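K.L.:
Let me give you the structure first, and then I'll get to my questions.
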Amino acid sequence: MPPVATKTILRYFSDALAAPRCACVQQNDLMALLCGVKDVLYANIVPAQAAAFRELCSDFRLKTESLVGIRNIGGESAQDVLVGWDKKKLLAARKAYADILSAEWGIALGYPECCVKSYLAWKADQSRDLVLHILHNSARGRLLDFRLNNVYNYFSRLENPGFRSPQRGPFAPVSDGEMFRRFLELNRGVNCEPVLPWHPCAYDCKKSLSAAKKLFGFMEACTPLAAAARRKLLSRPVVFRDKFDFAALSGGCSVSGGVFRLEYGSIAAPLAFPGGNEKSLLESNSVLKCRSGKTPLFPSGGALPRGYALLPFSAAP
């Protein structure tokens, strides 16, 4: 990439900015491009953001390739665009765009091949949420690095026709899109953006973790306050059953002999919609224990229903 002046970077990334200068470009995606974690960025540009997008590309000396077709996003016509510095890589990505469910498309965007193939394997099956698919691929008995937390990353996880949500009560059954709208409304003001702009193949994937460390270091240099807030949110352990049926817990997790012990104070943001009496069970206890791959238990007695798994995210795994 061409050298970019620090003052130019800070025009787009600083704790003082109330909103991104170009809202059509996801911030962690642009950061990944600037720090060399990926080579090609994919964006949907609406007319209202076209001038800001052109300014962004000029400031960072980025090249673009427009993709065929105009899409409707939120009632506006949006142009799909590829962004990067290397024209050959942009053209290769444009060619791969003809089949966005191909390994070539994900690899062209700069995602690790192992993560692309894992995602496509899940996409072909979809018998469970992607998070559980990734957890199944991960080593057992270890704490998980918060920088790979994708529980709140709904990109490419919605509209899963092969999976019937276990949601109960007033939240079932509705479409993934409607559930996502309710999730955003419930968590208005909470920055749920992940560190990585892709889904890892496993929560101990070496390539994804290396990229996430580099990307988070860039975030800390540009936006230290926002990075600290993201570390706090993403390092919360999560008991998880489905994309909208989970609870993030304010506490810390330890592991010994393959058994996790989670001491927590409360259910924390971002909030979801656990069904049945799971919410009251969690609120009336403060300790969970769980052997890798087993149902989380309360030492004082009782357990969460079958299907829940512990995702022991930590700031220091």
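The values are calculated or read from the model by the stated rules, or taken from the named source; none is laboratory data. Quick caveat: nothing in here was measured; it's all calculated off a predicted structure. Cβ: placed from backbone, ideal geometry, glycine included. Neighbour counts: every protein chain shown.
K.L.:
Looking at the structure I just gave you, is Lys7 within 27 Å of Ala227 (Cβ to Cβ) and surrounded by fewer than 19 Cβ atoms within 10 Å (Cβ to Cβ)?
P.N.:
Working: within 27 Å of Ala227 (Cβ to Cβ): yes; surrounded by fewer than 19 Cβ atoms within 10 Å (Cβ to Cβ): yes.
Against the criterion (within 27 Å of Ala227 (Cβ to Cβ) and surrounded by fewer than 19 Cβ atoms within 10 Å (Cβ to Cβ)), Lys7 qualifies.
K.L.:
Next question, about the same structure. Of the residues that make up segment 87-103, is at least one in contact with a Gly (Cβ under 9 Å, 6 or more places away or on another chain) and either charged (D, E, K, R) or outside any helix (DSSP H, G or I) (or both)?
P.N.:
Checked segment 87-103: at least one residue is in contact with a Gly (Cβ under 9 Å, 6 or more places away or on another chain) and either charged (D, E, K, R) or outside any helix (DSSP H, G or I) (or both).
K.L.:
Cβ-Cβ distance below 8 Å, separation of 6 or more or different chains: which pairs start in segment 130-143 with a residue that is within 15 Å of Lys206 (Cα to Cα) and end on one that is assigned to a helix (DSSP H, G or I) and of a type in the set (Asp, Glu)?
P.N.:
No pair meets every condition.
K.L.:
Tally time: how many residues in segment 10-47 are modelled with pLDDT of 90 or more, part of a helix (DSSP H, G or I) and among the aliphatic types (A, V, I, L, M)?
P.N.:
Final tally of qualifying residues: 5.
K.L.:
Among the numbered criteria (1) outside any loop (DSSP other than H, G, I, E, B); (2) at pLDDT below 95, which one does Ser127 miss?
P.N.:
In the conditions (1) outside any loop (DSSP other than H, G, I, E, B); (2) at pLDDT below 95, Ser127 misses (1) alone.
K.L.:
Can you pull out every residue in segment 262-291 that is in contact with a Ser or Thr (Cβ under 7 Å, 6 or more places away or on another chain) and in a strand (DSSP E or B)?
P.N.:
Glu263, Tyr264, Gly265, Ser266, Ala268
Quick grid of which residues meet (1) surrounded by fewer than 16 Cβ atoms within 10 Å (Cβ to Cβ); (2) modelled with pLDDT of 95 or more; (3) of a type in the set (Gly, Ala, Ser); (4) under 17 Å from Val131 (Cα atoms):
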residue: Ser235; (1), (2), (3), (4): no, yes, yes, yes
residue: Asp245; (1), (2), (3), (4): no, no, no, yes
residue: Gly252; (1), (2), (3), (4): no, no, yes, no
residue: Gly258; (1), (2), (3), (4): yes, no, yes, no
residue: Ala272; (1), (2), (3), (4): no, no, yes, yes
residue: Gly276; (1), (2), (3), (4): yes, no, yes, no
residue: Lys279; (1), (2), (3), (4): yes, no, no, no
residue: Ser284; (1), (2), (3), (4): yes, no, yes, no
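K.L.:
Also, I was wondering about something else. When you go through (1) modelled with pLDDT of 95 or more; (2) in contact with a Lys or Arg (Cβ under 8 Å, 6 or more places away or on another chain) one by one for Tyr154, which number turns out not to apply?
P.N.:
All conditions pass for Tyr154, except number (1).
K.L.:
When you go through (1) under 16 Å from the mean Cα position of the chain (by Cα); (2) touching a residue at least 12 places away in the same chain (Cβ under 8 Å) one by one for Ser300, which number turns out not to apply?
P.N.:
(1)
K.L.:
Any residue in segment 55-73 that's modelled with pLDDT under 90: show its pairings with residues that are part of a loop (DSSP other than H, G, I, E, B) at Cβ separation under 6 Å, as long as the two are six or more apart or on different chains.
P.N.:
Note: pairs meeting the criteria are Leu67/Tyr97.
K.L.:
Looking only at residues that are modelled with pLDDT under 90, outside any loop (DSSP other than H, G, I, E, B) and among the hydrophobic types (A, V, I, L, M, F, W, C) in segment 172-227, which one is surrounded by the fewest Cβ atoms within 10 Å (Cβ to Cβ)?
P.N.:
For segment 172-227, the residue satisfying everything is Phe180.
Each row is one residue, and each column tells you yes or no for (1) closer than 26 Å to Asn191 by Cβ; (2) in contact (Cβ under 8 Å) with a residue 24 or more places away in the chain; (3) exposed (fewer than 14 other Cβ atoms within 10 Å of the Cβ).
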position	(1), (2), (3)
Leu17	yes, no, no
Cys22	yes, yes, no
Asn28	yes, yes, no
Phe53	yes, yes, no
Asp80	yes, yes, no
Ala93	no, yes, no
Ser118	no, yes, no
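K.L.:
Tell me, which residue of segment 122-158 that is of a type in the set (Val, Ile, Thr) and under 11 Å from the mean Cα position of the chain (by Cα) is surrounded by the fewest Cβ atoms within 10 Å (Cβ to Cβ)? If you could, list the steps in order and put the result at the bottom.
P.N.:
Kept after step one, since they are of a type in the set (Val, Ile, Thr), are these residues of segment 122-158: 131, 134, 151.
From the residues that got through so far, the ones that are under 11 Å from the mean Cα position of the chain (by Cα) too are 131, 151.
On the way: Val131: 25, Val151: 23.
It comes out as Val151.
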